[in-house]
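I have a structure here, written as structure tokens, and I will follow up with some questions on it.
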Amino acid sequence: MANPKGEKFVTPEGRAKYPYLNTADFQFDTDGKFKTRLIVEQKAAKAITAVVDDVLEGEFGARPKWPKNLRIPYAVYEEDPSKIEIRFTSNFKPKFYAWDGKVIPEGDEATLWGGSLVKLGGIIKAYNNGSQKGAGLYMNKVQILEAVGPGSNDDDGFDAMDNYKPDGFDRENEGTPDDFDEETADF
């Protein structure tokens with residue numbers, strides 16, 4: 001039988017995908033869920049996937065006996081098979097930590113967007129609710145190693161198009177139409 005309190009975990013560093021860490025996602029749950037997916041190198045993910053497998057074995061027996069509809073919270077990342085995609089959720093906002101391990105006061109956290117480099121911690125628990133069987137990774141803390149968000153500027157914009165002239169505009173007169181006549185203009 002699996003530990004009813006769950007097994008603690010801390011992930012290796014990974015890139016957040018679809019993070020709802022600062023605010024809850026209400027799309028499919030009226031109470032809101034804090035959640036994210038974490039993209040981690042397979043070699044680095046072995047420690048956490050092994051603990052998930054141990055929790056599942058404790059609840060459902062050896063792997064060959066696992067139910068066909070068992071929900072496993074990790075899978076090979078489709079875009080890069082050298083990585084694992086792991087799903088995390090929580091009913092409560094996780095506590096945020098800086099790269100140096102110090103707590104970030106609530107309200108001072110960086111807004112995290114997809115691509116942020118983070119580590120997550122929490123509890124792994126197996127569940128067996130009739131037709132729903134599997135393991136959940138319930139996060140309660142986030143360590144921000146590199147925030148990607150509205151304040152980060154990955155967009156370099158565009159280079160100027162010196163030879164471009166929009167139809168009807170004269171660059172010499174800073175965008176006034178070519179047929180603009182100041183004398184007849186009604187101000």
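Percent of accessible area on the stretch 96-155 owned by carbon and sulfur, 1.4 Å probe? Let's see the in-between values first.
Working: 1520 of 3230 Å².
So the carbon and sulfur contribution to the accessible surface is 47 percent.
So if we plug the beta-carbon distance of Asp54 and Val103 into 1/(1 + (r/R0)^6) with R0 = 30 Å, what FRET efficiency do we get, rounded to 0.05?
Efficiency for this residue pair is about 0.50.
Want the number for Glu78 to Ser131: 0.36 nm per residue separation, take away the alpha-carbon distance, what's left?
Value of the extension gain: 16.4 nm.
With charges set only on the Cβ (+1 for Lys and Arg, -1 for Asp and Glu), what does the dipole of the stretch 5-148 come to about its Cα centre, in debye to the nearest 20? If you can, show how the numbers build up before the last one.
Values: 22 positive and 19 negative charges, 92 e Å.
Magnitude of the dipole: close to 440 debye.
Report Rg (one decimal) and Dmax (nearest whole number) for the stretch 1-156, counting Cα atoms only, units Å.
Rg, Dmax (Cα atoms, Å): 16.0, 54.
Within the stretch 1-61, which trypsin sites (Lys or Arg not before Pro) sit in a loop by DSSP and count at most 15 neighbouring Cβ atoms inside 10 Å?
Numbers: sites: Lys5, Lys8, Arg15, Lys17, Lys33, Lys35, Arg37, Lys43, Lys46; in loops: Lys5.
When the trypsin sites (Lys or Arg not before Pro) of the stretch 1-61 are filtered for loop state and at most 15 Cβ neighbours within 10 Å, Lys5 remain.
List the chymotrypsin sites (Phe, Trp or Tyr not before Pro) within the stretch 97-135 that DSSP assigns to loop and that have no more than 15 neighbouring Cβ atoms inside 10 Å.
Answer by residue number: Trp99.
Work out the charge dipole of the stretch 1-145 with +1 on the Cβ of Lys and Arg and -1 on the Cβ of Asp and Glu about the Cα centre, then indicate which of Ala16, Phe96, Asn129 is farthest towards its positive end.
Towards the positive end, the residue furthest out is Asn129.
If the chain between Glu146 and Gln27 were fully stretched, how many nm would it gain, using 0.36 nm times the residue separation less the Cα-Cα distance?
The Glu146-Gln27 span can extend by a further 40.1 nm.
Going toward the positive end of the dipole of the stretch 1-53, with +1 on Lys and Arg Cβ and -1 on Asp and Glu Cβ, which of Phe26, Gly6, Leu38 do you reach last?
Leu38
Could you tell me the largest-minus-smallest coordinate of the C-alpha atoms of the stretch 74-118 on each of the three principal axes, in descending order and whole angstroms?
If we take the Cα atoms of the stretch 74-118, the spans are 37, 24, 18 Å.
So which GluC sites (Glu not before Pro) in the stretch 1-99 end up in coil per DSSP with only 14 or fewer other C-beta atoms within 10 Å?
Glu78, Glu79
Between Lys95 and Ala62, what length comes free when the chain is fully extended (0.36 nm per residue of separation minus the Cα-Cα distance, one decimal in nm)?
Result: 8.4 nm gained on full extension.
The values are calculated or read from the model by the stated rules, or taken from the named source; none is laboratory data. Just so you know, these numbers come straight off a predicted model, no measurement behind them. Neighbour counts run over all protein chains shown; Cβ positions are idealised from the backbone, glycine included. Note: accessible area is taken over every heavy atom of the protein model, side chains too, but ligands, DNA and RNA are not part of it. Shrake-Rupley method; radii C 1.70, N 1.55, O 1.52, S 1.80 Å.
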